[in-house]
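Comments concern the structure below.
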Ligand SMILES: [Cu+2]
């Protein structure tokens, strides 16, 4: 009896401890998930290689202490000659992993805990949250099996429906023949359907505008100086084409309804009318000319506004990510030389150019509010396109062909968060060209700071080459 009692108490204790332990790990994995999603998904997935290797079971491959060192600063570990790190770096063609010195040990442990729980969940459950390429896992396979089955089902049902309808109409036609008068007046039925289509279609379009226009980026206004002009052009075009759309749709379907054949009336032969032709050629021509000229003038004002005070920043695009390079105190970007690209110098900055020494390379784009910036775009591999939707900025990024976009941000991140009532909001730079398999991961966080915030952030960044040790550091960069 006593033993039994003791045993039950013991099991209770074990259960408690076990439960407690489970809860703890669940909680830190939960924290780790947020950190992982914010910092790692640009280059990693659990079950697939992206830029970096798949992280499934990495806690089994590596010691925790090693992982912490690696994640904090993988390059330091490589340089220290750690054999595992050197091998890993070589295996991945010397691709650079960002260092995360700002993550604390506990935070890294929670990321590892998250990777661990994700590794233990069968692939079917994890893929949904990580979003990997469809062909490479079970879940996506069974998903595509399902959707192809559903497609076939829809196809077969459609064919059966068409057969049934055509059979019914044939039977009705026969009955009509026998009776000497058609059972269904198809002209009338179709004309009513046209009218119904018009009403339902216009109502749906109106509802769409009413319900969803508040979710577009236009609803919070532009965050740049030229953005107002851009939005106004967009709105003018939308309203003009909207009016034409409604008039033509109403005429099209109303006439279809009104002038349905009654079997007696004969259509009027009306080949042309010079006045009407002239009217509907000249008016659209004038309207389009005005729109295009205004567009050209706005474009020129945006493109050729050389501002001496503009801060020079290079936006560097590669499969699949972005870097920003700041020109430093001299406001001159150092030249680049593709021969130097690789290893420690991912951007191929020309180490013989003194202007490059104070350049600063970052993974986030920080802009100072109301300070003009001159973005110069450069691509490493394929054509990308830099889209900054909130600033109404977009420019192609082409290997070997320098492109530029100058603009002035006017709303800080904090102000925009207030405006949107969304504390987690961040501006973003996206790639807008389908540039390869992980194109959708090609994003960079953009922060618009106040002057003080910007200076503080910039002061915390490292310049490429320390001037006091110019020679040695330039060599280190190579
Ligand atoms: Cu891209």
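Since every read-out is calculated from the coordinates, none of them should be taken as a lab result. Only a predicted model underlies this, so the values are computations on that prediction, with no experimental measurement involved. Every residue, glycine among them, receives a Cβ derived from its backbone with ideal geometry; neighbour counts consider all protein chains shown.
What the table shows:
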| read-out | value |
| --- | --- |
| Percent antiparallel among DSSP beta bridges (both partners in region 311-477, rounded to 5) | 70 percent |
| Pairwise FRET efficiency - residue 49 versus residue 80, Cβ, R0 = 41 Å, nearest 0.05 | 0.95 |
| For region 281-300 and region 67-97, distance of Cα centres in Å | 56 Å |
| Angle between the chain longest axis and helix 227-258 axis [Cα atoms, degrees, rounded to 10] | 30 degrees |
| Cα-based equivalent ellipsoid, region 20-129: semi-axes from gyration tensor eigenvalues, Å | 23, 16, 12 |
| Exposure proxy ranking, count of Cβ atoms within 10 Å, fewest first, for 416, 444, 303 | 303, 416, 444 |
| Sites residue 287 and residue 150 - FRET efficiency at Förster radius 56 Å, r taken between beta-carbons, to 0.05 | 0.80 |
| The chain - share of DSSP beta bridges that are antiparallel (%, nearest 5) | 70 percent |
| The chain: angle of helix 186-212 to the longest principal axis, Cα-based, in degrees nearest 10 | 30 degrees |
| Separation of the residue 158 and residue 338 label points, Cα + 7 Å toward Cβ, nm | 4.6 nm |
| In nm, spacing of pseudo-spin labels at residue 213 and residue 184 (7 Å Cα→C-beta vector) | 3.9 nm |
| Evaluated at q = 0.21, 0.25, 0.28, 0.31 Å⁻¹: base-10 log I(q)/I(0), Debye formula over Cα of region 65-116 | -0.75, -0.96, -1.08, -1.17 |
| Ratio Rg/Rh [Cα only; Rh per Kirkwood] for region 183-303 | 1.13 |
| Zone of residue 462's modelled label, taken as backbone nitrogen in region 93-107 under 18 Å from a point 7 Å along Cα→Cβ | 95-104 |
| Amide N of region 59-86 lying under 20 Å from the label point, which is placed 7 angstrom from the Cα of residue 99 along Cα→Cβ | 65-86 |
| Cα gyration tensor of the chain - equivalent ellipsoid semi-axes, whole Å, descending | 55, 39, 21 |
| Kirkwood Rh, angstrom, region 311-477 [1 / mean 1/r, Cα pairs] | 16.5 Å |
| Linear extension gain, residue 220 paired with residue 92, 0.36 nm per residue minus alpha-carbon span | 41.8 nm |
| Principal-axis tilt of helix 2-39 within the chain, Cα atoms, nearest 10 degrees | 70 degrees |
| Kirkwood-type radius of region 233-327, with distances r between different C-alpha atoms, in Å | 19.3 Å |
| Simple spin-label estimate for residue 381 and residue 279 in nanometres, 7 Å along Cα-Cβ | 5.8 nm |
